[in-house]
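Colleague: My questions all concern the structure below.
The values are calculated or read from the model by the stated rules, or taken from the named source; none is laboratory data. Nothing here was measured: the structure is a model prediction, and the numbers come from that model. Note that we place each Cβ from the backbone using ideal geometry, even for glycine, and neighbour counts take in every protein chain shown.
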Amino acid sequence: MSRRPSLRASLALLALVAAAGCSTKVERLDESQAVDLSGAWNDTDSRLVSQEMIQDSLSRAWLQEFKGRPGQNRPTVIVGEVRNLSHEHINTSTFTLEVERALINSGKVDFVATKGERKDIREERKDQDINAREDTRNAMGRELGADFMMTGTINTIIDPSGDTQVRFYQVNMTLISLADNRKVWVGQKDIRKLVTHSKLRF
Amino acid sequence: MAATRVPVLGAAACLAGLAGCATFTETIQSTEVSLARHQPQAALAAYKNRTPAGADRVLDLMNEGMLERMVGDFDASTRTLEQAKGAIEELRALSLREQTLSVALNDASKAFIGEDFEQVMVHTYIALNYLERGRLDPARVEALQIDLLLREKAEEAPDSPYVEDAFSRYLTGIIYEDEREWSDAMIAYRKAYEAYQNQLESFGVAIPETLKVDLIRLADRMDLAEEARGYRKTFGISEVPSEAELLERGEIILTVHAGLAPMKRERSTTVLNPNTGRFLRIALPHYRSRPQPFAYARVSVGPQAAISSRVENVDAIALKSLESEMPAITARAIARMAIKDVAASAASHSGGNSSSSNAAAGVAGLAINLAAVLTERADTRSWFTLPGEIHLARLSLPPGDYSMRVDLHGRDQEVLDSSEIKVSLHKGEKKYVSRHWIPTNLEVKP
């Protein structure tokens, strides 16, 4: 008879442990901490590649050459399309924003709004023309034109064998002079990952 | 001894309770009724109203994704099918718990991850969703994933009848060609051509007329003169519009998804073993084909028209895939029957010397035997909302705004359905449109 209560208690404890195992658990992570779960392209890849690309880009000859031109101080840059040609659905806008942030924060270049953003801003100016006080209006036709456009591609090669895959990511970025279509800088960053899938699960 | 038999009886009762569960096929009847009435929204609601089984998550996502597509909500369909893709990836690893359950109960207690062709179809339909939403680059991602998955499947089971998916290869070729990636498009078209040739006997799909033209055009574009000559001779086609001419015009690519994939049914046998007095039961799945009155589609804009070709016979692929797996399924069912019988035998012989304990053991043995018989159900889960067949037509037109007519014809040339679709085409642009059509009679063939 004395064993029954202890059995019930054990079962209750087991149920509690099982329930605890099923509850959602959230742990806040430092944004610089790399966490690889599936092996797919993630925020760490996006951040590292954009930082390295921009550091490389800003240390190259095109910047000095531009500054050396008469009447020029800082080049104006716009980020164009970064095409995802990889095996994964990658949110390229996150990567593009990382690139923009790194470029703006370097203080070495001016940055202009993207095509979509410009459309909204122009509409706002039109609205100002009608509704804003005259001394606060911003006139049309005074936009800063970009000197260079940065475009890029993300490519992958995947070599699978059973439960293991080697994932090779190659990010190519190109800076093109809008005045004469010259490619003034080409950057490349490679990432290789070995991904092993578990053979067993619960 | 009697006390130890109480849990045995309890377990047997639990198993018997589980046996009360209907097979998957029995739970989808209201969804099928709505589909036959051409009410995909009601079909989606009916499907979502079912009590979801944990092991069927991937199956539910596949069916919901397809029903959302039929409703015309391509973005929701993509999201749902993406979830299915992720869940398949998670469930590919072996679960010892599920393996044990499948031996104790039946194959349907294992998590469903779909047959190889169903897994490939997840990618194919995501790609079609993206194409119809005008998003070519994400469709290209799916094309790469299809290639990767088919390579993996070919490595795992090189002798499987479904070692390639001709239509999925063909679709990836169309995507690459739309991306102006000529060499990748050529490779994909060649792979599709080889697959149609190799699988003609198994799946009965002849090389689509559109693919013949595509192969010649791409071979010309890539200056593969010898190869182009070979295709012209083999197909008996002399003139095809060049890639440059095609790029001056726009193109409509229509896919028709006709009927429903075959339905899995259970075939079972229960016999009484006269030597032991215990029941033995074996339950195996088999496919029953659905009616397919659809024959071809005609897409027309004024006098310009194109006739569709059949590009995928899902019905035949499903039947052949199951056929190749039947030896393993049957072996598992026989082993399960033997294990369950041994368990019932052990319980009925667990009595002591007294007549009361012998009687109790007999009851326990009978209970286990009954539970074993009742839980023996075939795994009839399948992606039943897949079409029975897929057809494709390509119509090249000068840039402009059009009201395009799509006529779906039956086997006796009769028009099953007609619709008008407004399309705006730019120079060099491809527009992807689709129609899902399901016959009102979904009775399976005897």
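Colleague: If B:THR51 meets every condition in (1) more than 26 Å from B:SER434 (Cα to Cα); (2) assigned to a helix (DSSP H, G or I) apart from one, which number is that one?
Modeller: Here B:THR51 clears every test but (2).
Colleague: Let me ask something else. Checking the conditions here, which among B:THR51, B:THR4, B:THR27, B:THR23 is in contact with a strand residue (DSSP E or B) (Cβ under 6 Å, 6 or more places away or on another chain) and modelled with pLDDT under 85?
Modeller: Result of the check over B:THR51, B:THR4, B:THR27, B:THR23: B:THR23.
Colleague: Go through (1) crowded, with 22+ Cβ neighbours inside 10 Å; (2) at pLDDT 90 or above; (3) under 21 Å from B:GLU266 (Cβ atoms) and name the single condition B:ALA372 misses.
Modeller: (2)
Colleague: Do we find that B:ARG151 is at pLDDT 95 or above and within 23 Å of B:LYS85 (Cα to Cα) in this structure?
Modeller: no
Colleague: Turning to a different aspect of this structure: Might you let me know whether region B:437-445 holds any residue that is among the polar types (S, T, N, Q), in contact (Cβ under 8 Å) with a residue 60 or more places away in the chain and not in a strand (DSSP E or B)?
Modeller: Within region B:437-445, one or more residues are among the polar types (S, T, N, Q), in contact (Cβ under 8 Å) with a residue 60 or more places away in the chain and not in a strand (DSSP E or B).
Colleague: If you scan region B:252-262, which residues turn out to be among the hydrophobic types (A, V, I, L, M, F, W, C) and in a strand (DSSP E or B)?
Modeller: Those that are among the hydrophobic types (A, V, I, L, M, F, W, C) and in a strand (DSSP E or B): B:ILE252, B:ILE253, B:LEU254, B:VAL256, B:ALA258.
Colleague: Go through B:ALA108, B:ALA154, B:ALA143, B:ALA127 for me and flag whichever is touching a residue at least 40 places away in the same chain (Cβ under 8 Å), surrounded by fewer than 24 Cβ atoms within 10 Å (Cβ to Cβ), within 21 Å of the chain's Cα centre (by Cα) and in a helix (DSSP H, G or I).
Modeller: After ruling out the rest, the residue left standing is B:ALA108.
Colleague: Search region B:417-434 for residues that are farther than 15 Å from B:LEU247 by Cβ and pair each with any residue that is surrounded by 15 or more Cβ atoms within 10 Å (Cβ to Cβ) and of a type in the set (Ser, Thr, Tyr) when their beta-carbon atoms are under 7 Å apart and the residues are at least 6 apart or on different chains.
Modeller: Pairs found: B:VAL423/B:TYR402; B:SER434/B:THR255.
Colleague: Restricting the search to region A:88-130, which residues are in contact with a Pro (Cβ under 8 Å, 6 or more places away or on another chain) and under 30 Å from A:LYS193 (Cβ atoms)?
Modeller: Of everything in region A:88-130, just one residue is in contact with a Pro (Cβ under 8 Å, 6 or more places away or on another chain) and under 30 Å from A:LYS193 (Cβ atoms), namely A:HIS89.
Colleague: Give the number of residues within region B:193-210 that are free of Cβ contacts under 8 Å to residues at least 60 places away in the same chain and buried (at least 20 other Cβ atoms within 10 Å of the Cβ).
Modeller: Adding up the residues that qualify gives 5.
Colleague: Determine whether region A:33-46 contains at least one residue that is over 30 Å from A:PHE168 (Cβ atoms), in contact (Cβ under 8 Å) with a residue 24 or more places away in the chain, away from chain B (no Cβ under 14 Å) and crowded, with 17+ Cβ neighbours inside 10 Å.
Modeller: No, the conditions are met nowhere in region A:33-46.
Colleague: Of everything in region A:178-202, what is surrounded by 10 or more Cβ atoms within 10 Å (Cβ to Cβ) and either among the polar types (S, T, N, Q) or within 14 Å of another protein chain (Cβ to nearest Cβ) (or both)? Give them in sequence order.
Modeller: Result: A:GLN188, A:VAL195, A:THR196, A:HIS197, A:SER198, A:LYS199, A:ARG201.
Colleague: What is the number of the single condition among (1) away from chain A (no Cβ under 14 Å); (2) closer than 17 Å to B:LEU392 by Cβ that B:TYR176 does not meet?
Modeller: (1)
Colleague: Working only within region B:67-105, note down all residues that are hydrophobic (A, V, I, L, M, F, W, C), over 19 Å from the mean Cα position of the chain (by Cα) and within 14 Å of chain A (Cβ to nearest Cβ).
Modeller: Scanning region B:67-105 gives B:ALA93, B:LEU94, B:LEU96, B:LEU101.
Colleague: Next up: May I ask you to list the residues in region B:117-165 that are charged (D, E, K, R), within 20 Å of B:TYR193 (Cα to Cα) and away from chain A (no Cβ under 14 Å)?
Modeller: Once the filter is applied, which keeps residues that are charged (D, E, K, R), within 20 Å of B:TYR193 (Cα to Cα) and away from chain A (no Cβ under 14 Å), region B:117-165 yields B:ASP159, B:GLU164, B:ASP165.
Colleague: Out of the residues in region B:196-233 that are among the β-branched types (Val, Ile, Thr) and part of a helix (DSSP H, G or I), which is farthest from B:ALA393 (Cα to Cα)?
Modeller: Restricting to residues being among the β-branched types (Val, Ile, Thr) and part of a helix (DSSP H, G or I), the top hit is B:ILE216.
Colleague: Quick check on A:LEU144: is it touching a residue at least 60 places away in the same chain (Cβ under 8 Å) and either under 30 Å from A:GLU52 (Cα atoms) or exposed (fewer than 11 other Cβ atoms within 10 Å of the Cβ) (or both)?
Modeller: In short, yes.
Colleague: What are the residues in region A:94-111 that are of a type in the set (D, E, K, R) and outside any helix (DSSP H, G or I), if any?
Modeller: Selection gives A:LYS108, A:ASP110.
Colleague: Just to confirm my filter: which helices (runs of 4 or more DSSP H) fall fully inside region A:1-77 and include at least 1 residues that are at pLDDT below 90?
Modeller: A:3-22, A:43-58
Table: residues versus (1) within 30 Å of B:HIS123 (Cα to Cα); (2) more than 14 Å from every other protein chain (Cβ to nearest Cβ); (3) in contact (Cβ under 8 Å) with a residue 12 or more places away in the chain.
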| position | (1), (2), (3) |
| --- | --- |
| A:SER93 | yes, no, no |
| A:LYS108 | no, yes, yes |
| A:ASP120 | no, yes, no |
| A:ASP127 | no, yes, no |
